[in-house]
Amino acid sequence: MSDAQVAAALLAQQLINGLTIGLVYALIALGYTMVYGVIQLINFAHGEVFMLGAYLALTAVWLLTAWLGAPPAILLLCGMFALSVVGCALTGRLIERVAYRPLRGSPKLTALITSIGVSFFLQNAVMLLYGSREQSVPEVLPMVSWEVGGVSVSGMQLLILAVSAAMMVGLDRFVRRTRTGKAMRACAENTEAASLMGISPDAVIRNTFMLGSGLAAVGGMLFAMNYGSVSFHDGYLAGLKAFTAAVFGGIGSIPGAMIGGILLGVFEGLAAGYLSSEWKDVFAFGLLVCVLIFRPSGILGENLPEKV
Amino acid sequence: MNGSALKAWWRKHPFISQVVTYLAPFALLPLVHRNPYHLDVLTGVGIYAILALGLNVIVGTAGLLHLGYAAFFAIGAYSYALLNIHADCPFWLGLPASGVAAMALGTLIAVPSIRVRGDYLAITTLGFGEIVRITVNNLDEWTGGPNGLLGIDRPSLPMHGPDGWTLRSFSVDPLPYYYLVLAMTAAIAYLLFRLSDSKIGRALTAIREDELAAGCMGVPVLRTKITAFALGSFIAGLAGAVYASKQTIISPDSFDFVLSVLILAMVVLGGMGNIWGAALGAFVLGVLPEVLREFAAYRMLLFGLIMILMMIFRPQGILGGQLIRRELRPVRREVSDGAAEVKGASKSYGGVAPLKNMDLVIHAGEIVSLIGPNGAGKTSFFNCVTGLARIDAGRIAFDGGRVRLDGLAPERILRAGVARTFQNLRIFRNMTVLENVAIGYHSRTRSGLLDAILRTRRHRVEEMKTLRESLELLGWIGLNEQANEIAGCLSYGDQKRLEIARALACGPRLLLLDEPVAGMNPTEKSAISAVIRRIRDRGISVFLIEHDMKVVMPLSDRVVVMDDGRKIAEGPPDKVQCDPRVIAAYLGEPGDA
Amino acid sequence: MTLFRRAVLTAAAAVVLGSAAQPVPAAAEERVVRIGLVAPLTGDQAYIGQGCLNGARMAVEDANVRGPVFGQARLELVPLDDQHNPTQAVLAANKLVADPTVIGVVGHFNSSCTKAASAIYHEGRMVQVTPASTNPEISRQGFDTFFRVCATDDVQAPAAARYAYGRLGARRAAIIDDQTTYGKGLADQFEKTFKDLGGEVLRRDGITQGEKDFAPLLTRIKVLKPELVFYGGVYPELALLLKQSRKLGLKTQWMGGDGIYEASLIQLAGPDVAEGLYATMLGVDPKTLPSAADFVKRYEARHGEIGSFSTYAYDAANVIIEAARRAGAPDRQAVLSEVRATKDHSGILGPVNFDENGDVVGRSVGIYRVADGKFRFLEEAGS
């Protein structure tokens, strides 16, 4: 292949890699953005919920393999999906009820500190339960990849693409067409008015947490399958990056979270590939800081001034 | 000094007495208990305490959530280490240098970040903290990378021995460090106490209470916040130098996010804004892991749990977030007055147009009322005049056309001579009545941070003047009995009065009052009307928004009527009352309910 | 200030004074002499630290069984946790130095911690023998209290480079490190030797511990077509690197140091992905040494799978114990002198002699290769 072709293939490869991780970021970012939209809280513990999703998916594989010996892939996938989504949704609901609900009227800073406490607690609970070592995730799907013109695409990447797209389309439908979804949007716009219309903010907030956690769980499951190993400190960094993505795309905006996630994944991948891998996280954090300072409303968000 | 004089002095200097009382046990401890390990742990606690005190300035006093504090600690440590290794800089010189280096970085980070909203600021500082840590880890040639730096010198002191004066360096024995850290903690605590009871401390509290109102009362909000940030960073730098000299080896993994959260937890645990709270938090969270060594595996679990429980059950911390207050007695003095003149101008807005081509003139010594239906744009008009909103076209001028107000920040407009109150009452609820009024004098005095901490002559003179004149103002408006009460405890009517007093303390020549009698009973209303007249009699023009015609009509020299962003009528009260357009839009027939 | 606050602050002061009620540990209790063991006992490297702890403890128990070291005194192990954090390491070191019954320490594990603590032990004149820290700089500081029973990175990494160049015929290599003291040191040494031999280093890059996604980096490397990729670091990240490079179609020879010599690596990466991986390891596999057979058997009966450094910890502890026996008195200076004078101490990993820097002499480096799902010993690294 000529030099230009090599360069083009390299670029294409980096873009595909970035897109893959970006989709996972997007799934996590959705949870951040939805919760922030409804109660203006940065849920620091959300990254740990994602990590828990990965662990629950792994647990499902262990359990099914122990019971059934060699279950078919489709059964494993369903089991992983079910256990991680249900487990995380319940965890999210529990966290909201126990740690955030009592602080509903408090200053933002108080709730933020609490969420940091929850994240530490969760991270350590998982470490104590599952051990501090990395855990390997058994192959659920056969590892296949195709090489096209110097660019390789794996089956796993396609699966991530398919599942994420399905999740996002599903979410969009849910938020726009269903009653619960519309209630969520109403609350995000104006909680007081919504409650005057007979929408219970408690129920909406509960549903938002469950939904966001469920999406993060799917992200965790895909993450575990893609990298083949899970560790209790996966949540911290992925959580921060997903938050960056949510703000980048416009906090409170669902399409914003999706776009932000994908763009961040690609940007990070290009920076790591073309500049230096050592400074990868600095680029991500640098982007975070720049967005927060210069354009906190993000790409798709709106500027909400304070009422005097 | 005899016994009673000593007692009197002790009572007169509450800061010194507290510092001595609470830290004396630590100073005396090594005389009875020499276990070096325990002293070592307490020295570590002392370094934490210094860090907590510094972070307390940023988080507690100024109310800026900071999740990247460990980065400044790191800068301090690395600064001293590099100066020592490459330039043989001795510790006592390196100590202030580290503080300055950390302060420089802190200011650099604060300047762009400080505009960012509360919870976002937290994440911004987190991002900066991580950037600093990773950068230090990656720049091998300069910082030693993950290996870090070693061979850092310990502090040395001149000692008198058999060979005369020699320079003896600290060793692994923790005792000298123990006293060094204790002395630093005492000194920093004392200086921070002085800060809290000063003009700058008051300004910081006001910013924390209600940033917008503080800005409208003349406090340079951004600059003050940056000052607090810089001071907190300076203290972290000092702690870093001490840490580096004690460890003699430093590496990036000592300065991670978990440390930032730990220091924050210390501040929160003890009580945000409370200086002793920060020290107590450092003690508890520094000693606990040592005491609970068997449970080390559950350390982070317990830590997270403590944070959650604290925030739910006692968010104000163990000691609560109050500072020492000075009590004051009233003193008589005269307040000077001045003249004002405003020439109105045309203005308009795009999109939704709360103001469509408004013209207005206010003459010196006039009381002008602005009335109109809800949504007419009255408060928007106020906001434009006071700098909370910008007009798209037209001009607002003041002082005979000499000063242009449109485009200026609220603080500048205030200094030009325009003050205001708010429709939804924005007093500083947790400060005393006297402190609320004293804020008004912030822009009229010149002392700054250094003056406050070092108690220079300028600061003392200005503070006396400020507090005296504030009391005088309170007396004038009828609130001097409540001077030392917490503002939030006053009756609604008194709070409205307080807000007016605070605005007057700014020394305006034009006073804007946004619904000054809303929600009051008739007695209170007539009392406020009387106050407004007296204000006018002192030469201050008054421009007010009101809905109660029984107050507006007798009080005003002129009435301006707005509807849908436009002025629809203007003139003396009786003429306006009969204007058919006004009746149609707003008033209804005289005799209508 | 309110009464409540006064009370709280007074109580805090009282706690401080109350600790004065504890008796100061008197000069050596006649009955007990202690040896310290410091390693990461909690946190993500706990399994390795526990392995060292078990080894050291067995040494102490064996010594007590053989007979008292000093007169009537019983020997005891003091385990301390440094959580692979240098600040904690210094704190632990201070604690040990302050305790007059402690005559020596086995520790620490991580190079960054060992280095930080070494200054404290030096000032406290306490002998320190590390079982596992391989960073060469620690022994170059001129601390006469520091000793080491394992090979150093400046032996290990050049051996790897020589093997790669000479035996594997690699001329173009890429190098990745995990940005830790250990990993970077190893990678630096490899790079230097490889270049000295005439090899070309195509790319040198760093990753962060805990990172998961190496696709950008590997994509970059793939284009350069290296014949070998050397990894300086511990195994979890390498497992991911191997798997992801397989997915990306990066075909090359992989090699690492003792940090990747773990059965868990093969388990994480999968046997077929790890197949063909080379690693250097300090010394030869203890299971192949007759001198270690008994220890290995006893360890596995008691604790299960033997840790990679359990044998080293055992040897390190025994160096101190034997020196203490020769010294005859629980005096730190005497024990220190005897450790320095150690000659042909028969450790289970071979005879122990120290050079002038405190490094053990003659410790070999072994070359291993993953075959059929396990690390197989190939040969001892030549010079």
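Only a single item in (1) closer than 30 Å to B:Leu42 by Cβ; (2) more than 14 Å from chain B (Cβ to nearest Cβ); (3) assigned to a helix (DSSP H, G or I) is not met by C:Ser112, and it is number (2). Taken over segment B:8-33, the criterion of being within 12 Å of another protein chain (Cβ to nearest Cβ) and outside any helix (DSSP H, G or I) is satisfied by B:His33 alone.
Considering only residues in segment C:63-102 that are among the basic types (Lys, Arg) and modelled with pLDDT under 85, the one that is surrounded by the most Cβ atoms within 10 Å (Cβ to Cβ) turns out to be C:Arg74. Quick one: which residue in A:Gly22, A:Gly31, A:Gly37 is touching a residue at least 24 places away in the same chain (Cβ under 8 Å), among the small types (Gly, Ala, Ser), open to solvent by 10 Å² or more (accessible area, probe 1.4 Å) and under 26 Å from A:Ile251 (Cβ atoms)? It is A:Gly37. The set of residues in segment C:246-261 being of a type in the set (A, V, I, L, M, F, W, C) and either open to solvent by 20 Å² or more (accessible area, probe 1.4 Å) or assigned to a strand (DSSP E or B) (or both) consists of C:Trp254, C:Met255.
When each of B:Arg412, B:Arg444, B:Arg420, B:Arg457 is tested for being touching a Leu at 6+ places or on another chain (Cβ under 6 Å) and at pLDDT 80 or above, the lone residue that passes is B:Arg420. For the structure I just gave you, tell me whether C:Arg369 is touching a residue at least 40 places away in the same chain (Cβ under 8 Å) and more than 18 Å from the chain's Cα centre (by Cα). Yes: the conditions hold for C:Arg369.
Among the residues here, B:Tyr177 qualifies as modelled with pLDDT of 85 or more, within 13 Å of chain C (Cβ to nearest Cβ) and either within 19 Å of B:Ala239 (Cα to Cα) or open to solvent by 40 Å² or more (accessible area, probe 1.4 Å) (or both).
Restricting attention to segment B:79-134, the residues being in a helix (DSSP H, G or I) and either among the aliphatic types (A, V, I, L, M) or away from chain A (no Cβ under 14 Å) (or both) number 37.
Note on segment B:183-207: residues that are within 23 Å of B:Thr21 (Cβ to Cβ), open to solvent by less than 30 Å² (accessible area, probe 1.4 Å) and outside any loop (DSSP other than H, G, I, E, B) amount to 10.
For segment A:2-50, how many residues meet the condition of being over 23 Å from A:Leu159 (Cβ atoms) and at the interface with chain C (Cβ under 10 Å from one of its Cβ atoms)? Within segment A:2-50, residues that are over 23 Å from A:Leu159 (Cβ atoms) and at the interface with chain C (Cβ under 10 Å from one of its Cβ atoms) number 4. In this structure, B:Leu121 does not satisfy being open to solvent by 40 Å² or more (accessible area, probe 1.4 Å) and modelled with pLDDT of 85 or more. The residues on offer are B:Gly240, B:Gly271, B:Gly281, and the sole one that is under 30 Å from C:Leu80 (Cβ atoms), open to solvent by less than 10 Å² (accessible area, probe 1.4 Å) and within 14 Å of chain A (Cβ to nearest Cβ) is B:Gly281.
Selection of strands (runs of 3 or more DSSP E) fully inside segment C:126-245 by the criterion of at least 3 residues being over 19 Å from A:Ser276 (Cα atoms) and either of a type in the set (Val, Ile, Thr) or open to solvent by 10 Å² or more (accessible area, probe 1.4 Å) (or both) returns C:127-130. The single condition among (1) in a loop (DSSP other than H, G, I, E, B); (2) in contact with a His (Cβ under 9 Å, 6 or more places away or on another chain); (3) without any contact (Cβ under 8 Å) to a residue 60 or more places away in the chain that B:Thr166 does not meet is (1).
Scanning segment B:60-77 for residues that are away from chain C (no Cβ under 14 Å) and at pLDDT 90 or above, we see that the one that is surrounded by the most Cβ atoms within 10 Å (Cβ to Cβ) is B:Phe72. When B:Ala389 is tested against the conditions (1) part of a helix (DSSP H, G or I); (2) open to solvent by less than 40 Å² (accessible area, probe 1.4 Å), the lone failure is (1). Using the structure shown, decide if A:Gly105 is within 14 Å of chain B (Cβ to nearest Cβ) and over 22 Å from A:Gly31 (Cβ atoms). It is true that A:Gly105 is within 14 Å of chain B (Cβ to nearest Cβ) and over 22 Å from A:Gly31 (Cβ atoms). The condition (being without any contact (Cβ under 8 Å) to a residue 40 or more places away in the chain and either open to solvent by less than 70 Å² (accessible area, probe 1.4 Å) or part of a strand (DSSP E or B) (or both)) is satisfied by just one residue among A:Thr91, A:Thr114: A:Thr114.
Among the residues making up segment C:41-62, those that are of a type in the set (A, V, I, L, M) and either buried (at least 22 other Cβ atoms within 10 Å of the Cβ) or within 14 Å of chain A (Cβ to nearest Cβ) (or both) are C:Leu41, C:Ala46, C:Ile48, C:Leu53, C:Ala56, C:Ala59, C:Val60.
Within the set B:Lys567, B:Lys550, the sole residue that is assigned to a helix (DSSP H, G or I), open to solvent by 20 Å² or more (accessible area, probe 1.4 Å) and out of contact with any Ser or Thr (no Cβ under 8 Å at 6 or more places or on another chain) turns out to be B:Lys550.
The values are calculated or read from the model by the stated rules, or taken from the named source; none is laboratory data. In this text the structure is predicted, and so the values were computed from the model without any measurement. Reconstructed Cβ throughout: ideal geometry from the backbone, glycine too, with neighbour counts over all protein chains shown. Areas reflect the complete protein model, heavy atoms only, side chains present, ligands, DNA and RNA absent. Shrake-Rupley method; radii C 1.70, N 1.55, O 1.52, S 1.80 Å.
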